Amino acid sequence: MDLQHICREIGTLAQEAGQFIREQRSQITNDDIELKGKASLVTYVDKEAEKMIVARLRELLPEAGFITEEGTATESGEEYKWVIDPLDGTTNFIHGIFPHSVSIALTKDNNPIAGVVYEIGQNELFSAWKGGGAYLNDQPIAVSKSATHEDVLLATGFPYYNFDKLESYLKVLEFFMIETRGMRRMGSAAVDLAYVACGRFDGFFEHALHAWDVAAGVLLVQEAGGKVTDFKGGDKYLFGKELISANANYFPAFFAKVNEHLE
Ligand code: IPD
Ligand code: CA
Ligand code: CA
């Protein structure tokens, strides 16, 4: 399989879906906002973008199955699966702020082998394929080198529907707030990971995530030389709903703190 070719195709597709999302921004009204769950918003824009992406991916790789946030496609697929978030950062999108993004990954036996994250606000296309490196608008990218708390800028996603770990979470936040250059809550996990991959952020962690939020971003970080695990240090970061990621130098110190409180 020519993964570089697949990566180029899904990059173009993510940009086209992104263009549709950009055009719809001024059209949406309060009547277009549906509630999927507590503080979990969706619009026709998410759904239409997903349909557009799925239709094209069916042509690109007919044997592949799908895991998609809005449930457009449910084919299971034997070996290959597309894992898609048509609009990551819907709340940002609805409120007219950036970042928000399109995230598409191809997995083989549940491991990402090609992935793109297209950030709509800055027109930035992040892409990676297994063994091929990671790129931002076709330029190679790498994770940062900072190794100590005092030198890092971190990202997270605040809990918004699952508050089981809130107390421990606040302890972790307190530590990083005091000891690091600061924490950001951008509102798109796919973009958080893309920013770790290109060295803008030194680390990112969040729990209660889904595979479609992170599948492409995980590969970006790995191919850019960074590390990704679950909160126990294992490899259940795609379907285990928790993920920690950082440049290779900072990962041990970062992991130790998150693991201490959240494991
Ligand atoms: C959300 C974003 C957000 C993260 C949430 C996700 P959505 O995805 O990635 O940053 O904190 O956990 O659900 O709903 O905008 O696709
Ligand atoms: Ca998402
Ligand atoms: Ca989404």
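Derivation of every value follows stated rules applied to the coordinates shown; laboratory data play no part. Because the structure is predicted, anything quoted here is derived from the model rather than measured. Positions of Cβ are backbone-derived with ideal geometry, glycine not excepted, and every protein chain shown enters the neighbour counts.
Before moving on, here are some points about what is shown:
- Each of N247, V152, N162 was placed along the dipole of the chain (beta-carbon charges, centred on the mean Cα), and the one lying farthest toward the positive end is V152.
- Only the Cβ atoms of Lys and Arg (+1) and of Asp and Glu (-1) were treated as charged; on that basis the dipole of the chain about its Cα centre amounts to roughly 420 debye.
- The modelled label-to-label distance for the pair T74/A256, using points 7 Å beyond Cα in the direction of Cβ, is 4.8 nm.
- The radius of gyration of the Cα set in the chain, together with its Dmax, comes out at 17.3, 51 angstrom.
- Qualifying GluC sites (Glu not before Pro) in the range 58-93, DSSP loop, other Cβ atoms within 10 Å at most 12: E63, E78, E79
- Loop-exposed chymotrypsin sites (Phe, Trp or Tyr not before Pro) per DSSP, neighbour cap 16 Cβ within 10 angstrom, longest uninterrupted part of the chain: 1-159
- Enclosing the Cα atoms of the range 3-140 in their convex hull gives a volume equal to 103 cubic angstrom per residue.
- Only aspartates and glutamates eight or more places from K227 in sequence, or on another chain, were considered; those with a Cα closer than 13 Å are D202, D235.
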